[in-house]
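Novice: Could you have a look at this structure, given as structure tokens, before my questions?
The values are calculated or read from the model by the stated rules, or taken from the named source; none is laboratory data. Keep in mind the model is a prediction, meaning the values are calculated, not measured. Quick reminder, even Gly has a Cβ in these numbers, built from the backbone with ideal geometry, and neighbours come from all protein chains shown.
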Amino acid sequence: MDGWPLLDIGCGRGIVVEHLRRRGIDCIGCEMAAAPVPDHLRSIVFNRTDFADLPIDQRRKIRGALLCDVIEHVPDPVEFLRRARRALPMLEAVLVTVPARQELWSEWDQHYGHLRRYDLPRLRATLTAGGFKPLCVGYFFHTLYLPALLLRGGKLRSTSVRAPSLPWLHAIVGAAFQAEEKMLPSVLPGTSAIITASVG
């Protein structure tokens with residue numbers, strides 16, 4: 001999707017949009033909730049906005065869509081994906097991330113309004129039924145799988161999500177996850193899953 005006009009659907013306050021634009025990637029975002037969008041992103045991140053309600057001229061420019069931790073909140077993800085195809089007439093590909101592995105279900109999922117977690121076959125089937133052709137699919141955050149499995153039934157797992165207070169530690173953890181992805185097979189269970197798919 002490099003160089004494509006992208007739409008980040010369910011972008012929250014626009015963190016991914018800002019990250020991609022800093023790297024020269026044309027990306028805008030929309031969010032149904034009243035997310036606290038920073039002033040400097042308000043011209044490219046639209047809160048309280050359904051992607052289908054963006055101006056048609058804007059929607060016709062979009063060739064790639066990001067759905068980062070979105071479809072697990074949607075009652076009918078297949079229809080949601082079909083609706084995205086209809087609303088974005090030039091769409092060629094999507095990238096989707098989801099929480100993975102139903103055995104990891106916990107109060108954390110309930111707190112954040114998840115309706116399901118995905119394994120790889122279910123994720124492929126959902127994208128296929130939504131009118132997309134799966135290209136690449138796998139798990140990530142492999143090293144978090146066992147701790148999440150052990151803590152899923154207790155009250156030790158925090159439901160708060162905060163920005164890191166120690167940026168250097170955040171950078172180290174990020175580098176560790178990047179190394180993990182290079183060394184471990186994508187079929188090894190992780191706490192999240194990712195799929196890329198083209199329009200079928």
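Novice: Looking at this structure, is residue 89 touching a Lys or Arg at 6+ places or on another chain (Cβ under 7 Å) and farther than 23 Å from residue 118 by Cβ?
Specialist: Details: touching a Lys or Arg at 6+ places or on another chain (Cβ under 7 Å): yes; farther than 23 Å from residue 118 by Cβ: yes.
When the stated conditions are applied, residue 89 passes them.
Novice: Does residue 97 satisfy being closer than 24 Å to residue 175 by Cβ and either small (Gly, Ala, Ser) or part of a strand (DSSP E or B) (or both)? Reasoning before the result, please.
Specialist: Numbers: closer than 24 Å to residue 175 by Cβ: yes; either small (Gly, Ala, Ser) or part of a strand (DSSP E or B) (or both): yes.
Answer is yes for this residue.
Novice: For region 6-23: of the residues being in contact with a strand residue (DSSP E or B) (Cβ under 7 Å, 6 or more places away or on another chain) and part of a helix (DSSP H, G or I), which is farthest from residue 97 (Cα to Cα)?
Specialist: Looking at residues that are in contact with a strand residue (DSSP E or B) (Cβ under 7 Å, 6 or more places away or on another chain) and part of a helix (DSSP H, G or I), I get 21.
Novice: Something else about it: Among the residues of region 43-54, are any assigned to a helix (DSSP H, G or I), farther than 30 Å from residue 146 by Cα, in contact with a Cys (Cβ under 8 Å, 6 or more places away or on another chain) and not acidic (Asp, Glu)?
Specialist: yes
Novice: If residue 3 passes every condition in (1) modelled with pLDDT of 95 or more; (2) part of a loop (DSSP other than H, G, I, E, B); (3) within 21 Å of residue 195 (Cα to Cα) but one, which one does it miss?
Specialist: Here residue 3 meets the rest and fails (1).
Novice: Residues in region 1-23: is at least one over 17 Å from the mean Cα position of the chain (by Cα), closer than 24 Å to residue 186 by Cα, surrounded by fewer than 18 Cβ atoms within 10 Å (Cβ to Cβ) and not charged (D, E, K, R)?
Specialist: no
Novice: Examine region 69-90 for a residue that is in a helix (DSSP H, G or I), in contact with a strand residue (DSSP E or B) (Cβ under 8 Å, 6 or more places away or on another chain), farther than 17 Å from residue 29 by Cα and not aliphatic (A, V, I, L, M), and state whether such a residue exists.
Specialist: Yes, region 69-90 has at least one match.
Novice: Among the residues of region 24-42, write down those that are outside any loop (DSSP other than H, G, I, E, B) and surrounded by 17 or more Cβ atoms within 10 Å (Cβ to Cβ).
Specialist: At the first step, the residues of region 24-42 found to be outside any loop (DSSP other than H, G, I, E, B) are 27-31, 39-41.
Listed by number, the residues that qualify are 27, 28, 29, 30, 31, 41.
Novice: Mind telling me which of the residues 100, 93, 148, 163 ends up being touching a Ser or Thr at 6+ places or on another chain (Cβ under 6 Å) and modelled with pLDDT under 95?
Specialist: Working: 100 fails: modelled with pLDDT under 95; 93 fails: modelled with pLDDT under 95; 163 fails: touching a Ser or Thr at 6+ places or on another chain (Cβ under 6 Å).
After ruling out the rest, the residue left standing is 148.
Novice: Is one or more of the residues making up region 121-142 buried (at least 19 other Cβ atoms within 10 Å of the Cβ), of a type in the set (A, V, I, L, M), out of contact with any strand residue (DSSP E or B) (no Cβ under 8 Å at 6 or more places or on another chain) and not in a loop (DSSP other than H, G, I, E, B)?
Specialist: The answer is no, given that none of the residues of region 121-142 is buried (at least 19 other Cβ atoms within 10 Å of the Cβ), of a type in the set (A, V, I, L, M), out of contact with any strand residue (DSSP E or B) (no Cβ under 8 Å at 6 or more places or on another chain) and not in a loop (DSSP other than H, G, I, E, B).
Novice: Just checking, which of 65, 100, 87 is over 19 Å from residue 124 (Cβ atoms) and surrounded by 19 or more Cβ atoms within 10 Å (Cβ to Cβ)? Before you say what the answer is, go through the steps one by one.
Specialist: Working: 65 fails: over 19 Å from residue 124 (Cβ atoms); 100 fails: over 19 Å from residue 124 (Cβ atoms).
Of 65, 100, 87, the one residue that is over 19 Å from residue 124 (Cβ atoms) and surrounded by 19 or more Cβ atoms within 10 Å (Cβ to Cβ) is 87.
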